Amino acid sequence: MCKQVINPLVKKTEQLLKLRRVMRICMFTSLSISVFSAVPAMADYEKPPGFKAQSILKADILKGKHYTVNDQVINDGFFNHYTIQSDFGSFKAGSTKDLKILLNEIAAIADMKKVETDDTAVAGLKSSGKKTVAGLKHLWHEPKETFKGAASGATSLFNRAKETVGERETSTAEDNKFEQLVGISKSKGIIATKYGVNVYSRNEVLQEQLDRLGRADFAGGLGVGIATSFVPVGGLILTTSGTARILNEAINNTPASKLWVDNKHKLEAMGIDVDTITLFLNNPSFSPALSTVLVSALDNMKGVDNRALFIKVSLQANNPAMARTITRISVMTAAYHKNIAPLKSIAAMARLTQGIRKDGARIVLLPTDYITWNERVADTAAGVSKAAKGSGAEFWVLGSLSQQATAEFEKLDWKIHANARKKLILN
């Protein structure tokens with residue numbers, strides 16, 4: 001009798017438990033679908049494309065008298081990477097902007113090689129006195145370290161110690177050595193300006209030619225600087241505007257020590273912490289040229305709050321490519337402030353910066369070549385949109401975006417400004 005009563009109850013209980021488990025599974029599945037449908041699936045992200053150089057570069061850039069750009073171009077989701085074969089060796093360029101600067105340097109190298117020099121330079125140095133030779137002895141043994149600012153490991157922490165002459169007293173002997181060094185640097189600066197290149201370029205082949213002609217001009221009075229013809233500036237900043245040419249000439253013809261001190265004073269006038277300034281100016285990833293361009297850009301943003309953020313962001317640069325990118329963003333931001341609309345302040349965006357207009361709109365400016373829709377871009381776009389709180393967001397790039405990236409940004413109500421170089425000239 002008991003079995004007849006209990007068995008049906010057990011079966012009904014088991015059925016109820018099964019039903020509850022099914023309901024839990026259904027509820028979890030439904031919740032999972034609703035949650036993950038709001039997050040882009042990995043399959044929705046794009047892989048960086050492979051480009052053919054002939055499809056993205058004009059014919060006059062693709063091939064020149066002394067070089068050829070390899071047809072295979074690698075895109076990393078932001079920048080195009082090029083390989084160039086030239087009469088002077090193989091080169092790499094990490095962006096289209098870097099490519100154009102490099103091609104200008106190759107043209108300059110070819111012209112420099114036409115200028116012949118011989119042992120007159122060394123003979124001139126020897127005849128100028130033992131003191132001069134002693135003061136410059138290391139130039140002949142370590143030209144790379146001296147002229148290119150090259151350093152590695154812990155020694156790079158001290159590579160600008162001598163250049164802070166505005167903060168300490170120097171001996172008479174050291175002053176003489178320094179003056180002689182500036183004599184060669186002055187010749188190099190004049191030559192670099194006439195050839196339209198930057199004297200602080202990290203192009204080793206270009207530096208060899210600048211060293212050769214600079215020593216000859218300084219030591220032998222060969223008039224190399226006068227003999228050269230002017231070549232248009234390849235773009236120290238982002239443009240070939242008059243401002244860029246003037247700044248390039250000023251950088252080439254001003255001792256690095258003076259650039260250091262001048263930049264320090266300008267940053268101090270902006271109210272930036274002295275220790276932060278010193279760390280920035282002594283970052284080996286920034287050449288004196290890049291430091292000066294960045295400070296000049298900040299100086300063009302008077303009235304914009306939190307300009308110091310650019311200096312803080314610059315502290316993380318541990319290679320020249322990062323330093324160039326941060327500098328170009330600063331120039332683009334200054335150009336937007338002057339030419340498009342006034343900015344109220346600068347704010348952080350991941351490891352970079354964004355501008356904020358007085359109406360609250362967020363302005364993102366990047367010197368990129370071709371942006372694809374990837375996880376980093378999606379996360380950043382969502383974060384900026386959230387911070388904008390309905391005030392709107394704009395994206396200004398020197399290159400372009402993929403169709404998917406454009407569509408995704410438009411879904412978030414961003415305004416896209418591609419190929420914006422002409423609008424972002426800093427006059």
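Please work out the FRET efficiency for the pair residue 415 and residue 347, using the Cβ-Cβ distance as r and a Förster radius of 25 Å; give the result to the nearest 0.05.
0.85
Can you list residues from other chains, or at least 5 along the same chain, whose modelled amide H is less than 5 Å from the amide H of residue 75?
Amide H neighbours of residue 75, under 5 Å, 5+ apart: 51, 81.
Would you mind putting 291-300, 95-104 in packing order, based on average other-beta-carbon counts within 10 Å, highest first?
Top to bottom by mean Cβ count within 10 Å: 291-300, 95-104.
If you stretched the chain out fully between residue 204 and residue 422, how much longer would it get, using 0.36 nm times the residue separation minus the C-alpha to C-alpha distance?
Additional length available on full extension: 75.4 nm.
I'd like the FRET efficiency for residue 44 and residue 312, computed as 1/(1 + (r/R0)^6) with the beta carbon distance as r and R0 of 51 Å, rounded to 0.05.
0.90
Could you give me the ³J(HN,Hα) list for the stretch 189-202, computed from phi with Karplus coefficients 6.51, -1.76, 1.60 and θ = phi - 60°, whole Hz, x at Gly and Pro?
x, 5, 5, 4, 5, 5, 8, x, 10, 9, 5, 9, 4, 8
Show me 278-286, 69-77 ranked by packing, highest mean number of other Cβ atoms within 10 Å first.
278-286, 69-77
Would you mind calculating the gained length between residue 299 and residue 279 on full extension (0.36 nm times residue separation, minus the Cα-Cα distance), in nm to one decimal?
Taking 0.36 nm per residue and subtracting the Cα distance, the gain is 5.3 nm.
What residues qualify as long-range amide H neighbours of residue 368, i.e. H under 5 Å apart, gap of 5 or more or another chain, H built at 1.01 Å from N?
398, 399
Pairs 97/258; 92/266; 97/423; 266/312; 100/312; 100/344: which are spaced more than 23 Å apart, C-alpha to C-alpha?
Too far apart for the 23 Å limit: 97/258; 92/266; 100/312; 100/344.
Any read-out appearing in this document is the output of simple, stated calculations on the displayed coordinates, not a laboratory observation. The shown structure was predicted, so the numbers you read here are calculated from the model rather than taken from an experiment. A quick note on method: Cβ atoms are made from the backbone with ideal geometry, for glycine too, and the neighbour counts reach across all protein chains shown.
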